[in-house]
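*Asks:* Below: one structure in structure tokens.
The values are calculated or read from the model by the stated rules, or taken from the named source; none is laboratory data. As the structure is a computational prediction, the values presented were derived from the model and not from experiment. Heads up, the Cβs are rebuilt from the backbone with ideal geometry, glycines too, and the neighbour counts pull from every protein chain shown.
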Amino acid sequence: MLKLIHEKFFDTTLRRKLVFLIGGVVTITPTILVTIFALTYYLLGIDKLFDEKIANAISETVKVAELYLQEHKKNIRSDILQVATDINKNFFILSENPELFNEFLDEQAQFRNLSELVVFTHNGVVGKNAFSFSLTFEKLPIKDMEIADSGEIALISTDKDDRVRAIVKLENFHNTYLLVGRFIDPDIINHL
């Protein structure tokens, strides 16, 4: 009789079954259900809410950067016309004195906040501001030269897109062109 009581109270298989039953049903099942509901709530609710806000913020940033770039292109057109007019007005004085010509270009670049300002022919550079190295290392696209030959302003696009540049043919000089450029803020370029 003692043996029978002992087996019933200390039966390990029954104990294991109770532990697994209580552990599985009471603790694991609610944990799994809460996890499923939390993931569903996150994926359907919060994730979509933040995705829309972030997507809107990014698209607005890109729009602002594009408008900034368009404004620079419009300004470079205005700047090249003003510089070309000033050069054409002072044709006789500038063509006689190359040092004066370079000083004049330096002043124009500084006054108009231009990073490069170069006057050139097909044979070489006639004058440039102190920080212009563009024609030394780059060749201008033929289509842009043709636009300038027709008397129009050609906006030059580069592979880097790190600056806005334009070229125009000067009126009082024979086969002579004016190239102006302005660097764009790298932070703006990164937003495009």
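*Asks:* Considering 106, 86, 144, 79, which residue is out of contact with any Lys or Arg (no Cβ under 7 Å at 6 or more places or on another chain), acidic (Asp, Glu) and farther than 20 Å from residue 175 by Cα?
*Replies:* Going through 106, 86, 144, 79 in turn, just one is out of contact with any Lys or Arg (no Cβ under 7 Å at 6 or more places or on another chain), acidic (Asp, Glu) and farther than 20 Å from residue 175 by Cα: 106.
*Asks:* Mind listing just one residue for me: the one in segment 138-163 that is at pLDDT 85 or above and β-branched (Val, Ile, Thr) and, of those, farthest from residue 118 (Cα to Cα)?
*Replies:* Across segment 138-163, the extreme among qualifying residues is 147.
*Asks:* Find all pairs meeting these conditions: Cβ atoms under 6 angstrom apart; at least six residues apart or on different chains; first residue within segment 144-156 and assigned by TED's automatic domain parsing to the domain that holds residue 122 and farther than 14 Å from residue 179 by Cβ; second residue of a type in the set (D, E, K, R) and surrounded by fewer than 16 Cβ atoms within 10 Å (Cβ to Cβ).
*Replies:* Filtered contacts from segment 144-156: no entries.
*Asks:* Output the number of the condition that residue 106 fails; it satisfies all remaining conditions of (1) at pLDDT 80 or above; (2) not assigned by TED's automatic domain parsing to the domain that holds residue 163.
*Replies:* Residue 106 satisfies all of (1) at pLDDT 80 or above; (2) not assigned by TED's automatic domain parsing to the domain that holds residue 163 except (2).
Residue-wise test of (1) farther than 30 Å from residue 157 by Cβ; (2) touching a residue at least 40 places away in the same chain (Cβ under 8 Å); (3) surrounded by fewer than 12 Cβ atoms within 10 Å (Cβ to Cβ); (4) not acidic (Asp, Glu).
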{"position": "26", "(1), (2), (3), (4)": "yes, no, yes, yes"}
{"position": "49", "(1), (2), (3), (4)": "yes, no, yes, yes"}
{"position": "100", "(1), (2), (3), (4)": "yes, no, no, yes"}
{"position": "105", "(1), (2), (3), (4)": "no, no, no, yes"}
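*Asks:* Report, by residue number, each residue of segment 79-90 that is more than 14 Å from residue 180 (Cα to Cα) and surrounded by 14 or more Cβ atoms within 10 Å (Cβ to Cβ).
*Replies:* Just the residues of segment 79-90 that are more than 14 Å from residue 180 (Cα to Cα), to begin with: 88-90.
88, 90 - these are the residues of segment 79-90 that are more than 14 Å from residue 180 (Cα to Cα) and surrounded by 14 or more Cβ atoms within 10 Å (Cβ to Cβ).
Yes or no, residue by residue, for (1) surrounded by 10 or more Cβ atoms within 10 Å (Cβ to Cβ); (2) assigned by TED's automatic domain parsing to the domain that holds residue 183; (3) at pLDDT below 80:
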position	(1), (2), (3)
34	yes, no, no
37	yes, no, no
40	yes, no, no
60	yes, yes, no
65	yes, yes, yes
69	yes, yes, yes
73	yes, yes, no
77	yes, yes, no
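*Asks:* Would you check which residues across segment 107-121 are touching a Phe, Trp or Tyr at 6+ places or on another chain (Cβ under 9 Å) and surrounded by fewer than 16 Cβ atoms within 10 Å (Cβ to Cβ) and list them?
*Replies:* 121
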